[in-house]
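Comments concern the structure below.
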Amino acid sequence: MTESGGPGRRHAGGVALILLCAGILLGGCSVPGTGPAARASGGFDLRQLAKTDINRVAETHQQHVFASLRRLADKLYKRNPAEWRKGGSASAEAAVSRIFDQKHRWRFASLGYRRDLEAMHVALHPDFRGDRVQALIVGLASMVQSALGDREVFYMLDDLEPQHLYNAARNVEIVAWKLASARDAAGNLLLLSNEIGEVSNLSFEREFGRVIGLLDALADIVEEETERTVTRVVQNLTTAVFLPVY
């Protein structure tokens, strides 16, 4: 008979922990979701045992990227109030919440269920008559999620591709440039963002810069960790094309 606290019990506890971690890992497999999972408010979370340092770094970067994207959505709706009205929202805040707080897997009927690069192309097309802010932010957010393997949380068996993260950063650069320059047939900007004048407002540029910096930093970390070489490209922003993220 095995004594209490002896090798048998320790072995059973170890097996239970392994099985628990296996269950967590299976639950963390890539399933297209919405945004990153909310952070635990405090206390010990057993799921942390199934995470590596790079998993935690990825989750932190993901949280910060989505915080910036949410701020961008809010700023764009406030500068372009006609856009949230097109989508039938009651306010800019409601339109932002619809993008970030609902489980839609980044598929909106108003965008023909397009996401990623396709949604960004829609947002920047002069003939699009729908909610352009929604299209742009859905495109950006779902593209970031695609580059992260469509994960809401990360566990030790989850694999990140640094090239996809690097490409996502370049795509954000292209969007930022196009947002400041794309115009309709009448010569009007498709969306108002930065203001240059007596009182300049460059807050949009700063948020885009944060997203680009976070994605680049994570790409560098994953590249070093996995010893996979990222192919860096130089494009002329006036003729640049979006790069694949999956």
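Nothing in this text is a laboratory measurement; each read-out follows from the coordinates by a stated rule. All of these numbers come straight from a predicted model, not from anything done at the bench. Virtual Cβ from ideal backbone geometry, glycine too; neighbours counted across all protein chains shown.
Charge dipole (Cα centre; +1 on Lys/Arg Cβ, -1 on Asp/Glu Cβ; no other charges) of region 122-175 amounts to roughly 240 debye. Summing Lys and Arg as +1 and Asp and Glu as -1 over all other residues whose Cβ lies under 12 Å from the Cβ of residue 205 gives a net charge of 0. Inter-label distance, residue 78 to residue 186: 2.6 nm, where each label sits 7 Å from its Cα along the C-beta direction. Round to the nearest 0.05 the FRET efficiency obtained for residue 232 and residue 102 when R0 = 51 Å and r is the Cβ-Cβ distance. Efficiency for this residue pair is about 0.90. Distance between the 7 Å Cα→Cβ label points at residue 86 and residue 121: 1.8 nm.
Working note: Cα atoms of region 97-228, range along each principal axis, descending, whole Å: 51, 37, 24.
A crude spin-label estimate for the pair residue 203 and residue 52, with each label 7 Å from Cα along the Cβ direction, gives 3.9 nm. Counted residue by residue at 0.36 nm each, then reduced by the alpha carbon distance between them, the extension gain from residue 195 to residue 150 reaches 12.8 nm.
Each peptide in 124-130, 111-117, 134-140 receives the mean, over its residues, of other Cβ atoms within 10 Å, and ordering these scores from highest gives 134-140, 111-117, 124-130.
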